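Nothing in this text is a laboratory measurement; each read-out follows from the coordinates by a stated rule. Keep in mind it's a predicted model, so treat the numbers as computed, not measured. So basically every Cβ, Gly included, is an ideal-geometry build from the backbone, and we count neighbours across all protein chains shown.
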Amino acid sequence: MNYNRKILTLDEFTIQQLREIPHSTGELSSLLRDLGLAAKRVNVEVNKAGLVDILGDAGSINVQGEDVKKLDLYANDQFMGALRHGISCAGIASEELDDFVAFDDVVSNQSKYVCLFDPLDGSGNIDVNVSIGTIFGVYRRVTEKGSPATKADFLQQGLKQVAAGYIVYGSSTMLVYATRRGVNGFTLDPSIGEFTMSNPDIKCPPDGNIYSVNHGHFFRYPKGVQDYITLCQKKEKENGGPYTQRYIGSMVSDVHRNLIKGGIFMYPGTTNKPQGKLRLMYECNPFAFILEVAGGRATDGTRRILEIEPTELHQRSPMYIGSRHMMDELEDCL
Ligand code: AHG
Ligand code: MN
Ligand code: MN
């Protein structure tokens with residue numbers, strides 16, 4: 001087959017970027033390759049989730065008190081395993097684990113980075129064949145190399161991320177990742193098993209007309225959020241016609257669509273859960289980083305998500321994220 005050599009694979013792209021950064025060691029590209037490998041393994045299982053016995057609850061409950069699906073555990077093991085065996089990661093923290101894991105071996109203790117991830121986001125959608133995803137954020141460790149990673153390496157503000165990304169296991173499987181240099185999207189080409197560049201230099205349109213929120217909780221949202229949703233219902237698109245409401249229930253897919261098309265995604269606090277549902281370290285921070293690099297914004301209603309000083313690995317935060325001008329309008333209502 002005649003492959004177009006202008007289309008870069010994920011590995012080719014990260015290596016090419018490396019050449020442009022003087023004194024870089026290649027550890028970050030190597031870490032991204034480990035994540036890409038884990039993603040391909042998870043993708044294989046996700047694709048056959050309807051066939052084999054990996055559906056349904058694993059019978060345990062995660063640290064946040066939610067049912068854990070079997071595929072969540074599988075994905076967790078794949079990402080943790082790939083990073084443990086790689087050379088770039090000193091330790092991980094995952095939505096599925098009570099505490100962080102310092103790999104603590106001779107190679108890992110010398111590694112520059114730690115990674116935090118939600119191995120399978122939207123897992124409630126597995127049984128019904130709806131897109132799910134993985135979310136990750138990468139930080140440079142703050143403790144000295146040569147010793148195991150500690151909690152301080154993980155509890156960093158989101159703006160300290162050096163890279164963040166997500167994988168959507170959808171109608172096709174995509175890996176999107178951001179560094180300060182830009183956001184790029186790669187689609188898995190199943191014929192060669194490689195992520196290949198499909199969406200170079202993604203920018204979030206400053207305007208949009210899609211709003212994504214769980215409408216069922218409307219009467220439990222703060223008044224300002226109710227006002228904004230009502231505004232969206234009354235607004236007209238520039239070329240006529242009403243705004244569109246879209247909510248899949250997999251944040252990865254919802255935010256991915258809004259990043260590409262322009263829109264806003266909201267998971268507000270409610271009267272019974274003032275901090276909402278989403279986890280700052282595994283869900284909010286990576287997406288806030290990606291959207292900001294792409295020209296969008298992310299807040300918890302009052303603060304920039306990336307500036308929140310974390311106090312616990314599993315802390316939750318309300319989340320408003322999306323196109324710049326829609327975020328401005330939301331803030332006027334809040
Ligand atoms: P997870 O499957 O990792 O627990 O996260 C699911 C999250 C997020 O992806 C989604 O936007 C949200 O939960 C949906 O929650 P509601 O059903 O409460 O709207
Ligand atoms: Mn999640
Ligand atoms: Mn999850």
Between beta-carbons, use under 9 Å as the cut-off and find the net charge around Tyr243, counting Lys and Arg +1, Asp and Glu -1. +2
Reachable lysines, given that their alpha-carbon falls under 30 Å from the alpha-carbon of Lys112 and they are not under 8 places away in the same chain: Lys40, Lys145, Lys151, Lys160, Lys203
Roughly speaking, what is the centre-to-centre gap between the range 277-334 and the range 198-253 when only Cα atoms are used, to the nearest Å? 15 Å
Averaging sequence separations of C-alpha pairs under 8 Å and six or more residues apart, then dividing by the length of the chain, give the relative contact order as a whole percent. 15 percent
Quick one: 3J(HN,Hα) in Hz for the range 214-221, Karplus 6.51/-1.76/1.60 with θ = phi - 60°, rounded, Gly and Pro as x. 7, 5, x, 8, 2, 6, 9, 7
Semi-axis lengths (Å, descending) of the ellipsoid that matches the C-alpha gyration tensor of the range 207-295: 21, 19, 10
Long-range amide H partners of Met319 with built H, under 5 Å: Tyr267, Gly269
In nm, the gap between the two label points placed 7 Å beyond Cα toward Cβ at Asp104 and Lys273 is 3.3 nm
Cut-off 13 Å between beta-carbons: net charge of the residues surrounding Asn285, Lys and Arg +1, Asp and Glu -1: -2
Mean-position separation - Cα centroids, the range 83-120 and the range 129-173, in angstrom: 9 Å
Any idea which of Phe117, Leu32, Ile7 is furthest toward the positive side of the dipole for the chain, if Lys and Arg beta-carbons carry +1 and Asp and Glu beta-carbons -1? Ile7
Take the Cα radius of gyration of the chain and divide it by 2.2 N^0.38 Å, with N its residue count; two decimals is plenty. 0.97
With Cα springs under 10 Å, the Gaussian network model of the chain assigns the largest mean-square fluctuation among Glu236, Glu45, Glu96 to Glu236
Quick one: net charge around Asn109, please, counting Lys, Arg +1 and Asp, Glu -1 for every other residue with C-beta under 13 Å from its C-beta. 0
When you count, for each residue, the other Cβ atoms within 10 Å and take the mean per peptide, how do 291-300, 218-227 rank with the highest first? 291-300, 218-227
A chain fully extended from Glu144 to Ile15 at 0.36 nm per residue, minus the present Cα-Cα distance, gains in nm 43.8 nm
